[in-house]
Structure formats: structure tokens, C-alpha cells
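What follows draws every value from the coordinates through simple rules; no lab data is involved. These figures come from a predicted structure and were not determined experimentally. Quick reminder, even Gly has a Cβ in these numbers, built from the backbone with ideal geometry, and neighbours come from all protein chains shown.
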Amino acid sequence: MTTDGKVNVLLVGSGGREHALAWKMARSPRMGRLWLTDSSNPGLNALGRVVDVPVDIKQIYRLRSFCEKNAIGLVVIGPEEPLAQGYADALITPGRVVFGPVQAASRLEADKAWCKQLMRAASIPTGEGRIFSDPEGARAYVESRVHDEDALKALYEEASKYRDPADRRTFIRRKIEADKTMAAAYRKRHDDLPVIKAAGLAKGKGVFLPTTLLEAMDVIERIMVRKEFGEAGKTVVIEERLEGREVSVLALTDGRSIYMLETCQDHKRLGDGDTGPNTGGMGVICPSGLSGGGHEKDEELLKQIESEILVPTLDALRRDGIDYRGVLYAGIMLTPAGPKVLEYNCRFGDPECQALMVRLESDLIDLLMAVGQRTLDEAEVRWSQGEGAQAAASCCVVLAAENYPAKPVAGAVITGIEKAEAMEGVRVFYAGVKKNEKGEIVTAGGRVLNVVGVGETLAQARARAYEAASVIRFKGKQMRTDIGAASEAVHH
């Protein structure tokens, strides 16, 4: 804290989520000087200055010294990797607030296998799952989930004579290659095959929903054998596929109090109609109309999620001596049997954060400080309801690079951003972009820009977001055209 009551802030991270957080904090009268850990994002660079020390957990003492020298009063950690590496533990002091959970608490996101065991022990509703650290065990378990194929039963019985897993797998592979009936069985569509997840951090891309045994075997090969996600794929969680509507529920917690943020609905798949591969998120609406049954029903459902999921999770952590302060973000499936946890994240979602920040009326610095200082129960949280700011709803459309999520193409020149930002009710946040040697903004990542529209209704917010997105151009631009379309239909 500076002598005039302003707060110097260090923001860790450089994506669209961090641009949205910086933009909102910059509007606070309490903002002193904003320091950034990365120089690559032109949107962030316009709001703050980059630190002059390495940002590396192995040299964290240098960042700690920087914070002391520059009177940093608040550290805001955006992405999951620094949380999992222990940045919060290293930078917190009695006089400095860190917004983001400590390393032990961050295991909820960084280790899905550990998280699944914690939820099971605390009787938190979640899908049935098994944890595997050897690929053959994972393969055999997935194969065992298909019960309706006589050809496969005969194949597995024959394969069981091989004690060595590698010999068994070689036998199955050769049989499939040689026998058309077996091959057809492996390629047959099964909509109830389990979900396969890399247990570690995989930047939102380590979750797979295979529809054939062949796909499932390929997923296990990619994660556990070819190590496409590195150490994150050392262990996999294989769990039942839950049916229902998926929603994002984000809450602030200071370890004692919980404040539920406005509800969001993410759209994870790359293509319209929820087709194509899973991504880090292609767009989001806020509020989500959680239940599809009106405001009162939404409030009931939120109370149920808080009491049956969030509170027991924090209690389970506390029993293990783990203090959780920051954002607790639950990916929830609204199943016929009630809400169940798909996964936890330990930070603001991306792009949920962008859709939330444009609607938050409260002072963000006050709010983040309250979380770190355990005074959340005294904080005032206000959301724009449509009068004046016209932000009763928001819609964020992600513009992604060519060939995302496989190998995004970098260096494509982007035009039309200024034209989009000049439109009423539109905000553009920079994600995977940088400036080239000519000073042009170019693609430099998978998800490139977040185009957010706000409006008095979801329909108006969607129309503004898509009108703005249409004037932004770059080679190979990918975007979904149906973000929030299903919810808009329900609202009508």
C-alpha cells in the first residue's frame, strides 16, 4: 500500500483473462502502478509496465525482491501454472495480499486424480471414475466398458492367455488389422464411452470424449505413451460420461466466506453445435440462465451447488490443513440426478473472466484485497443490471487462429480491431497476439482475441459481439457462430 492509499499491483500472466483483469483494475481509484510479468501482449502493455527481473519459479527470490522494492501491495495470479508452481506461497507476506490459492490448494486443478479422490472421500457429487498410471490398464478398462459386442468378448478371452500386457496389446492390434469383423467392432460408435482426462495441467486440452474404441485407444496412446501433454499425462482419470447441461460456477472465497459470482456458460468444442475437438473455450455467455427455469429456479440451484459441492470441498481442504483463498471454479454438469462436478479450476476461467469483468460494477481491487485479507463477508459486490451501462448480459466470442487447437498458425496480420472497439457495447481483449517488426498486431497463439458484447438482453449482447467479430479479419480465422444461441432460444 502506498502512502496515499493506492495499491501497486503485480499481475502474473499475459492472456485474455489477464487483459480483462488489468482493464477492470485500471478503472479503480485505488490503482497505483500496475506491473506485468510479460511484455508480449499489446493490450496489457498499454495498461502497465513490465518487471525488470526474470519471472521463473527457480528464481522466485528475484520477483520477491522486486515486490519489496516497488511496494507491491497486491499480487494477482491469472493462469494455473504459476499457482501450481507455488507463486502464491512465495510472494505472500503479512503486508502483501496474493490473490490466488497456495500450491497445496491448487492441486484441485493441477492433479485431477488427487481431486477425484478428495471428492470421493467428502461425498461430493461427481462422475464415477478410475485412475490409471499404466496405459495397458487404462486400455483394458475402456474396453471392458463395451458389453454388447460378441466379437470383442471372444477377442478379449483369447487375449487373456497373454500375461505380458505388451504381448496382449500386440495380439489385439494384429487381430483387429487382420479381421474385418473385429475392425468394424472397434470402429462402431458408442455414445456412452467414458471420458478420458490427462490428470495434470494440459491448458484445457487434456479432456477427450471418444465415440469409438479406436478413438479411445488413440487418446490413451497420445496422452500416456507419446506424452503429448508431457508430465500432465503420466496419470489419466477415466470417468463416466455425464449427460445434461454444462455450466460454469465461479465463487470467490477467503477460506471462510463464499461469494457466488454471476453464472456463465462456456462452449468448449471448436465447432458449432458442440462439434469438433475440445478447446480452452470458444465463447461464453453471462448470466447463463443456469436452470433454464427462470431466476428463482436459478437461485435455488446455486444454493444447492454451494451447500452440496463448494462448502464440502472447502471443508475437505480445511481438514487437510489447506487454506483456500481465491477463485474456486467448478465445471458442473446438471444431470437428471442433480448437479455433479466435472472438474475444478483454481482461477478465473478464460473466457468466463472476460464476460464477468464487463458486468462487474464493484471495485475489483477492493474485492481481490477482501479475498486475501479474509474480509469477503464485508465486501460489496454489484453487477450491472442493464440501466445506464446496459450490461445486464454479456457474450464473449473467441476468435482463434488457423489450425487451432492442433498447431495454431502464428504471424497472420489482424485488421479491424479499432473498428470493432468503436462499436457501442463492445470490448475487445487481447489473448494470443503480439506486434511484429512493422508494429502490426499478428496472431501468436491459439485463441487470439476475445470479442465481448454487452446489452440489456442476451440477444442484444450476442448481436453486438458478432457484429464486432465480423469486422475483425485475419487469415484462417476460426469462430463459433452459435455462442449463447441455445440459451437465447430458452429465454424467448
To the nearest 20 debye, region 175-311 has a Cα-centred charge dipole, built from +1 on Lys and Arg Cβ and -1 on Asp and Glu Cβ, of 740 debye
Sorted peptide list for 453-463, 433-443, 72-82, criterion being average Cβ within 10 angstrom, highest first: 72-82, 453-463, 433-443
Subtracting the Cα-Cα distance from 0.36 nm times the residue separation, let me have the gained length for T415 to E299 in nm, one decimal. 37.6 nm
Label-to-label distance, nm, for residues given as S257 and A422 (7 Å Cα→Cβ offset): 4.4 nm
For the chain, the Rg and Dmax computed from alpha carbons only, in angstrom: 23.3, 78
Once every DSSP H run of n ≥ 4 in the chain is given -39500 (n - 2.57) and the sum is divided by its residues, what mean residue ellipticity at 222 nm do you get, rounded to the nearest 500 deg cm²/dmol? -9500 deg cm²/dmol
Rg and Dmax of region 17-85 over Cα atoms: what are they, in angstrom? 12.1, 35
Neighbourhood net charge (14 Å Cβ-Cβ; Lys/Arg +1, Asp/Glu -1) for D38: 0
In this structure, the FRET efficiency calculated for E228 and A183 from their beta-carbon separation, with R0 = 30 Å, to the nearest 0.05, is 0.75
Go ahead and run the numbers for FRET between R27 and V471, Cβ-Cβ distance against an R0 of 22 Å, rounding to 0.05. 0.30
Label-point separation, D167 to I57 (7 Å along Cα→Cβ), nm: 4.1 nm
Please identify the helices of the chain, taking whole runs of DSSP H, that span at least 18 Å along their own axis as judged from the Cα atoms and have a mean Kyte-Doolittle score of 0.0 or higher. 458-471
Extension gain, V311 back to R120 (0.36 nm per residue minus Cα-Cα distance, nm): 67.3 nm
Specify the inter-centroid distance of region 8-26 and region 33-57, based on alpha-carbon positions, in whole Å. 9 Å
Between K435 and D38, what length in nm is gained on full extension when 0.36 nm per residue of separation is reduced by their alpha carbon distance? 141.6 nm
Which aspartates and glutamates have a Cα less than 20 Å from the Cα of K153, not counting those fewer than 8 places away in the same chain? E136, E143, D164, D167, E177, D179, D191, D192, E215
Out of the DSSP beta bridges found with both residues in the chain, what percent are antiparallel (nearest 5)? 80 percent
With label points built 7 Å along Cα→Cβ from the Cα atoms of D218 and R174, find their separation and express it in nm. 2.4 nm
